[in-house]
1. Among the residues of region 60-82, what is the count of those that are free of Cβ contacts under 8 Å to residues at least 12 places away in the same chain and either in a strand (DSSP E or B) or farther than 30 Å from residue 17 by Cβ (or both)?
2. Would you be able to say whether some residue in region 53-71 is within 16 Å of the chain's Cα centre (by Cα), surrounded by 11 or more Cβ atoms within 10 Å (Cβ to Cβ) and at pLDDT 75 or above?
3. I need a count of the residues in region 1-48 that are under 25 Å from residue 62 (Cβ atoms) and in a helix (DSSP H, G or I).
4. Within region 20-28, identify whether any single residue is surrounded by 11 or more Cβ atoms within 10 Å (Cβ to Cβ) and at pLDDT below 85, and answer yes or no.
5. Given the structure, is residue 42 surrounded by 10 or more Cβ atoms within 10 Å (Cβ to Cβ) and either farther than 30 Å from residue 17 by Cβ or in contact with a strand residue (DSSP E or B) (Cβ under 6 Å, 6 or more places away or on another chain) (or both)?
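The values are calculated or read from the model by the stated rules, or taken from the named source; none is laboratory data. Keep in mind it's a predicted model, so treat the numbers as computed, not measured. In this analysis, Cβ positions are derived from the backbone assuming ideal geometry, glycine residues included, and neighbour counts consider all displayed protein chains.
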Amino acid sequence: MEKNAVKPMTYSQKHAQCKKEAKATLIFYAFCFFWWVMTGWVLGLSGAEIYIWYIPLWFWLSVIALVPIGCVGCVILIKKYYVNFDLGEDAGERIESVVSIDDIEDDAGEETP
């Protein structure tokens, strides 16, 4: 199969894949939040006064370093966890509801225009 080709999947496989992608994304978000809290708040409130180019170390680690960490993490998520599949309904799994105007009647038994 071609690398960017749409992968054929059943409805249950699509659902499982969506759950897998969402779980991996939430885990990565939790990692980024934990990184931000530990470097921004814990290191910042610890009283360590380390400066690089007159900017405190806690700022470098919590704000500036989080950008490349987020970019690398997004690339890893896309390469390892995300799958290209059609989000539309399959013809065999489509549930259609066909209601004609003849089926709709008011309480008096008259057809609606």
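1. Residues that pass the stated criteria total 2.
2. Yes - at least one qualifying residue is present in region 53-71.
3. The qualifying residues number 22.
4. For region 20-28, residues surrounded by 11 or more Cβ atoms within 10 Å (Cβ to Cβ) and at pLDDT below 85: absent.
5. It is true that residue 42 is surrounded by 10 or more Cβ atoms within 10 Å (Cβ to Cβ) and either farther than 30 Å from residue 17 by Cβ or in contact with a strand residue (DSSP E or B) (Cβ under 6 Å, 6 or more places away or on another chain) (or both).
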